[in-house]
1. Could you please find all residues in the range 112-132 being more than 15 Å from residue 82 (Cβ to Cβ) and either of a type in the set (S, T, N, Q) or in contact with a Ser or Thr (Cβ under 9 Å, 6 or more places away or on another chain) (or both)?
2. Taking residue 50 and the conditions (1) touching a residue at least 12 places away in the same chain (Cβ under 8 Å); (2) farther than 25 Å from residue 119 by Cβ; (3) not aliphatic (A, V, I, L, M), which numbered condition does it fall short on, given that it satisfies the others?
3. Among the residues of the range 112-141, write down those that are under 21 Å from residue 40 (Cα atoms) and in a strand (DSSP E or B).
4. Tell me, which residue of the range 59-85 that is in a strand (DSSP E or B) and within 12 Å of the chain's Cα centre (by Cα) is farthest from residue 28 (Cα to Cα)?
5. What's the total number of residues in the range 129-160 that are of a type outside the set (Lys, Arg), surrounded by 12 or more Cβ atoms within 10 Å (Cβ to Cβ) and at negative phi?
6. Can you tell me which residue within the range 89-101, out of those that are assigned to a strand (DSSP E or B) and touching a Phe, Trp or Tyr at 6+ places or on another chain (Cβ under 7 Å), is surrounded by the fewest Cβ atoms within 10 Å (Cβ to Cβ)?
7. Any chance you could count how many residues in the range 121-140 are in contact with a Leu (Cβ under 8 Å, 6 or more places away or on another chain) and modelled with pLDDT under 90?
Amino acid sequence: ACDAWPVIQLRSSERIVEKHAFLLTDLGDLAPTHLTYMPKPGRSTPARQPREATSTEALLTWARTACSLRTLAGSGVRSVNNWAFAEQKLPEGGTSADWVCTRADTWRGPGRVLVQFLAPAASPADPATVVADRDDTALCSKFGQHILAGTHWRAASGRW
């Protein structure tokens, strides 16, 4: 089980860049790994470029998905982006869940993707459910933005 994942938020000197902050984590390689975030697109708005994962929304999403980073340890990852690509209303109560594509880019070039389902949770740190895992793919990058995923979900009534 994973209860926490170490991340550091660094801020640049105001003498260099005004109010620039970013997140790094240690995946056991020579260089730290840069964590980024891409929020859900608006209606009729295409996906945007990854941005620094320092907003409240980004930090809450990383709190739910960070434990999946352990599967990337020691594989030469330079950056990991969490792309919140969809929000879905769930039956029996109208609460919603988020779909997140976690893309790891390595120094060698090929990427690895984890698609994660963020169902409503009792705690902001409850882990997401990994529903897909692919190596050497362009999915969840600017070259692979068409994503479809599915999983089973049980409502509070016990119905699937």
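1. 119, 120, 123
2. If we test residue 50 against (1) touching a residue at least 12 places away in the same chain (Cβ under 8 Å); (2) farther than 25 Å from residue 119 by Cβ; (3) not aliphatic (A, V, I, L, M), just (2) comes out false.
3. 112, 113, 114, 115, 116, 117, 118, 129, 130, 131, 132, 133
4. It comes out as 85.
5. 16
6. That would be 97.
7. The number of residues fulfilling the criteria is 1.
Conditions tested, residue by residue: (1) surrounded by 12 or more Cβ atoms within 10 Å (Cβ to Cβ); (2) part of a loop (DSSP other than H, G, I, E, B); (3) under 19 Å from the mean Cα position of the chain (by Cα).
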site	(1), (2), (3)
4	no, yes, yes
13	no, yes, no
18	no, yes, no
22	yes, no, yes
36	yes, no, yes
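The values are calculated or read from the model by the stated rules, or taken from the named source; none is laboratory data. Please read these numbers as outputs of a predicted model, since none were measured by experiment. FYI the Cβ positions are ideal-geometry reconstructions off the backbone, even for glycines, and counts take in every protein chain you see.
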